[in-house]
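What follows is one structure encoded as structure tokens, with my remarks underneath.
Laboratory data are not the source of any read-out in this text; all were calculated from the coordinates shown. The model shown is predicted, which means the values in this text are computed figures rather than measured ones. Here Cβ is always computed from backbone atoms with ideal geometry, including for glycine, and neighbour counts include all displayed protein chains.
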Ligand SMILES: [Zn+2]
């Protein structure tokens with residue numbers, strides 16, 4: 001039976017299972033949901049065991065690990081995905097509750113629909129089809145589905161450190177990225193790195209009366225504002241000394257490809273809802289979100305923010321500041337330069353602490369000449385009727401470098417999301433066309449890879 005006929009026949013059952021998966025509020029950032037993470041991992045264990053995997057749950061929250069021994073001589077693939085999701089807040093911005101999936105003709109709406117449960121589910125469905133049709137999977141598999149991707153992958157890093165050679169694979173397959181658009185199937189060939197920091201500014205020993213003592217001490221909120229303003233110029237350039245030293249400029253071929261895409265200002269205006277675009281002068285919006293590094297304030301707080309007024313000079317102020325890095329920037333060097341610069345531009349009268357939160361992710365690139373990449377190109381051509389384009393994506397999957405080191409093979413980033421899926425935002429969704437297309441493409445890829453010489 002063709003995969004299309006099988007999907008048509010199994011559709012209700014598949015949707016029912018996806019809905020079950022999406023109902024678990026597996027929010028890794030919130031300790032209150034720890035039990036939900038365990039329940040989700042258990043559910044995955046049952047799914048994988050039914051497909052013939054030997055499953056273990058490693059650590060807390062568990063990394064779901066499944067092992068499948070394919071035909072002798074077939075390549076081994078490490079599949080990586082995550083079952084944890086971002087917090088759904090603000091709840092009032094959702095048109096239906098985030099953990100009660102809503103089905104429309106076009107899409108399924110729920111937190112995690114595209115990032116990453118829906119995409120993980122496409123693999124479960126492809127494996128189910130292959131098992132039912134052929135009695136076995138065409139490759140050997142290490143399946144690694146973690147519950148902390150959104151919060152730093154701490155357990156997976158530990159598990160990886162203890163693995164030695166156990167997870168050696170011929171290729172790594174990840175579906176946690178997106179197409180350029182519904183009409184432009186895409187293979188991701190690079191991801192930006194991530195460096196995440198927190199700046200804390202302290203002034204007086206406690207909040208002070210801003211009348212009786214206003215005028216003799218530095219205000220930490222203002223001091224923090226000065227630091228933040230010093231980080232980036234009005235031309236969008238980051239002012240940390242040496243920040244751009246190792247940034248590799250895009251090559252002519254890449255620039256020509258991007259110019260052929262309809263990634264104009266109006267596209268990003270619509271996507272963001274911002275009144276106007278901003279960013280680094282001299283680069284197109286698409287370049288600014290993929291091959292250029294950025295720096296952003298992700299949160300800041302200080303003083304009194306409740307209703308009405310409170311006349312104080314706050315004792316402290318703090319901000320979370322993150323940077324997306326590109327080849328060949330070195331996160332360690334950038335971190336040192338950043339911390340030194342923040343201290344240097346801080347005004348007198350306050351103390352400043354700069355801290356790095358979770359291990360930094362180096363920028364990531366993947367080769368396009370491996371047979372596994374070629375198989376992915378063919379798979380998307382078969383499922384979408386046109387050849388995919390290679391693109392670098394602006395986001396980061398921090399644990400990827402460690403995973404690819406453990407596996408040893410090339411990493412294939414064959415993701416099926418869309419930029420309009422509202423991942424990490426209210427009303428996250430995954431379009432049916434993307435889900436069923438993914439099942440078709442993945443079925444093709446696993447079969448094709450199964451026929452490669454080891
Ligand atoms: Zn994700």
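Annotations for the structure displayed:
- The Cα center of the stretch 169-193 and the Cα center of the stretch 292-347 differ in position by 31 Å.
- Taking the helices alone, the chain has a mean residue ellipticity at 222 nm of -10500 deg cm²/dmol, built from -39,500 (n - 2.57) per DSSP H run of at least 4 residues and averaged over all its residues.
- Once the Cα atoms are used to define both axes, helix 432-450 deviates from the longest principal axis of the chain by about 60 degrees.
- Taking other C-beta atoms within 10 angstrom as a stand-in for reagent exposure, 357, 187, 224 fall in the order 357, 187, 224, fewest first.
- Using alpha-carbon coordinates, inclination of helix 371-384 to the longest axis of the chain, degrees: 80
- Share antiparallel - DSSP beta bridges, the chain, percent rounded to 5: 70
- Prolate/oblate/rounded call for the stretch 139-179, Cα gyration tensor, a/c under 1.5 rounded: oblate
- Once you reduce the stretch 418-453 and the stretch 134-150 to the center of their Cα atoms, the two points are 15 Å from each other.
- Ascending count of other beta-carbon atoms within 10 Å, so fewest first, for 258, 301: 301, 258
- Using only alpha-carbon positions in the chain, the gyration tensor eigenvalues give semi-axes of 41, 24, 22 Å once each is multiplied by 5 and square-rooted (largest first).
- Linear extension gain, residue 105 paired with residue 300, 0.36 nm per residue minus alpha-carbon span: 66.2 nm
- Pairwise Cα separations in the stretch 158-203 fall into 5 Å bins from 0 onward with the following percentages, short to long: 4, 11, 13, 14, 15, 14, 10, 9, 5, 3, 1.
- Where the Cα pairs of the stretch 320-416 fall when distances are cut into 5 Å bins, in %: 2, 10, 17, 17, 15, 11, 9, 7, 5, 4, 2, 1, 0
- Compared with the dominant principal axis of the Cα atoms in the chain, helix 220-231 is inclined by about 60°.
- Whole-angstrom gap from the stretch 1-60 to the stretch 83-109, using each part's C-alpha centre: 17
- For the listed peptides 237-249, 118-130, 324-336, a ranking on the average number of other beta carbons within 10 Å per residue, highest first, reads 118-130, 324-336, 237-249.
- Solvent-free Debye calculation, one equal scatterer per alpha-carbon of the stretch 166-288: log10 I(q)/I(0) at 0.14, 0.22 Å⁻¹ equals -0.92, -1.44.
- Dimensions of the stretch 43-89 along the principal axes, based on C-alpha atoms and rounded to the nearest Å, stand at 48, 19, 18, largest first.
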